[in-house]
Amino acid sequence: MNDTLNPAPRPGARALLRTGRDRLPGLAAEVRRALSHHGPVLAMYGVLKLIGFTVFLQLLHSTGEFRRKDPRFGGGAHAWDVLASWDGWWYQQIAAHGYDPALVRIPGASGLITLEGNSAAFFPLYPAAMRLVSDCTGLGLYGAGLLVSILASFAAALGVHAVAARFGGRRAGLAAAGLWAVWPGSGTEWSGYSESLYVALAVWACHAVLTDRWLTAGVLTFAAGLGRPTALALVAALTVAALRTLHRRQGDTARPVTAILVAPLGLAGYLLWVGDRMGDLTGYFRLQKGAWAHTFDYGGQTLDVFTSLAVGRTDYLFPCPVEDLVGALTVLLGLLLIPLLIRLRPPCVLTVYTVLTFVLVLGSQQIFGNVSRYLLPAFPLFVPLAVRLRTVGLPLLCGLLAVTAVASGSYAGYVLFELGVP
């Protein structure tokens, strides 16, 4: 009777239980190894971002200027509302209502701005992730957008660490993750903007190329192409790297070829979809030019800004003096670091990606102050600095980055969102 009520486990069941118990210590060991490897990176990045983020919010509170601004344009009832203004407002509209691509002329308008703004100018990956997280968690679109950005920023920090560590070891990787936290433009990493998500995809796509995982690289680049138009630089970098691999390799050509074919589909697919809906295959570019005065001008606007700033003038297009100065210093810093990066002889995917990102950003007519965040995805620039910082003792390294994090609350946060147009 007792045997009937409490049947003994079958041999198969006992074996499964024993196997499960045997696996638990192994799983715990794997978790400990992961925490030991990734924990310092996540802690370094998180602490530095928290310092800069706190300073940014304190600066907003201290001035109170955001209370007198339109919630769409750097304002709101609370300081944290600023984080989802400007482009963040557009992303929330897409997440809530979707797209309705159209080229609508402003009656009687002439000059640079002749078309009404339309959400089709903003790529779909980030608002789609925002909507998905909102539906799954019950968070509002604002909270869901911040959650996506913050989690993606940590994923990007791990990727930056992984890439830099290939050149200078774990200490260099740690320094690079810290630089990602305090770089000019990093104020958008914890905001309602798409930078963190895009960089996370871009850095891991490059890492996949470095480790010969072509299908992963192709899929990540495909996704990045749905995130930002400057993914063109990533598509080109992957293609060049794959072609070089095909030139050297006799067998196993299917994976690099597949990556080449898959990589551009996200970017090209969205541009073609917008063009089809507008009845003009160049519709996306017409919208950017007519509604935001954003077009490729081969560097004319960038040259105008630099020559104007050099003599103290602000009569160029869309002047924001303090933000423009930060942008100019960011450009100069990047141009100094590119030769140092090349001296390290990195794989071509990193060099091509960095150089083309600069070409796309500096070759465009736009609000110049935005270049500090537009160049934020050029993460390979962290590598030469990180390699040199690896010789600095850990306490000193942490101290230097902490001081920079305090300053970043101003130059990467307040200046970007309140003294300019992000």
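The values are calculated or read from the model by the stated rules, or taken from the named source; none is laboratory data. Note that the structure is a prediction, hence the values are computed from the model and not measured. Every residue, glycine among them, receives a Cβ derived from its backbone with ideal geometry; neighbour counts consider all protein chains shown. Just so you know, the surface numbers come from the protein's heavy atoms only, side chains and all, with ligands and any DNA or RNA stripped out. Shrake-Rupley method; radii C 1.70, N 1.55, O 1.52, S 1.80 Å.
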Quick one: which of Ala293, Ala268 is modelled with pLDDT under 95 and under 27 Å from Pro124 (Cβ atoms)?
-> Ala293
Output for Cβ contacts, cut-off 8 Å, separation at least six or different chains, first residue assigned to a strand (DSSP E or B) in the range 359-382, second surrounded by fewer than 24 Cβ atoms within 10 Å (Cβ to Cβ) and aromatic (Phe, Trp, Tyr), reads Ser364/Phe296; Gln365/Phe296
Listed residues Val311, Val262; which is farther than 18 Å from Phe358 by Cβ, of a type in the set (Val, Ile, Thr) and modelled with pLDDT of 95 or more?
-> Val262
Determine which member of the set Ala128, Ala152 is crowded, with 21+ Cβ neighbours inside 10 Å, among the hydrophobic types (A, V, I, L, M, F, W, C) and out of contact with any strand residue (DSSP E or B) (no Cβ under 8 Å at 6 or more places or on another chain).
-> Ala152
Would you point out which residue out of Tyr193, Tyr142, Tyr198 is closer than 27 Å to Ala84 by Cα, modelled with pLDDT of 95 or more and surrounded by fewer than 21 Cβ atoms within 10 Å (Cβ to Cβ)?
-> Tyr142
Would you please list the contacts, defined by Cβ atoms under 9 Å and residues six or more apart or on different chains, that run from a residue in the range 328-342 that is in contact (Cβ under 8 Å) with a residue 12 or more places away in the chain and within 16 Å of Leu309 (Cα to Cα) to a residue that is open to solvent by 10 Å² or more (accessible area, probe 1.4 Å) and of a type in the set (S, T, N, Q)?
-> Val331/Thr302
Expected single match for open to solvent by less than 60 Å² (accessible area, probe 1.4 Å) and over 26 Å from Ser186 (Cβ atoms) among Val262, Val326, Val331 is Val262
In the list Val160, Val209, which residue meets the criterion of being of a type in the set (A, V, I, L, M, F, W, C), within 15 Å of the chain's Cα centre (by Cα) and surrounded by 24 or more Cβ atoms within 10 Å (Cβ to Cβ)?
-> Val160
Go through the range 290-317 and count every residue that is crowded, with 19+ Cβ neighbours inside 10 Å and closer than 28 Å to Val104 by Cβ.
-> 4
Starting from the range 204-216, take each residue that is closer than 16 Å to Val262 by Cα and list its partners that are modelled with pLDDT under 95 and aliphatic (A, V, I, L, M), counting only C-beta distances under 9 angstrom and pairs at least six apart or across chains.
-> Trp214/Ala254
So Pro71, is it closer than 30 Å to Gln288 by Cα and either part of a strand (DSSP E or B) or out of contact with any strand residue (DSSP E or B) (no Cβ under 6 Å at 6 or more places or on another chain) (or both) = yes
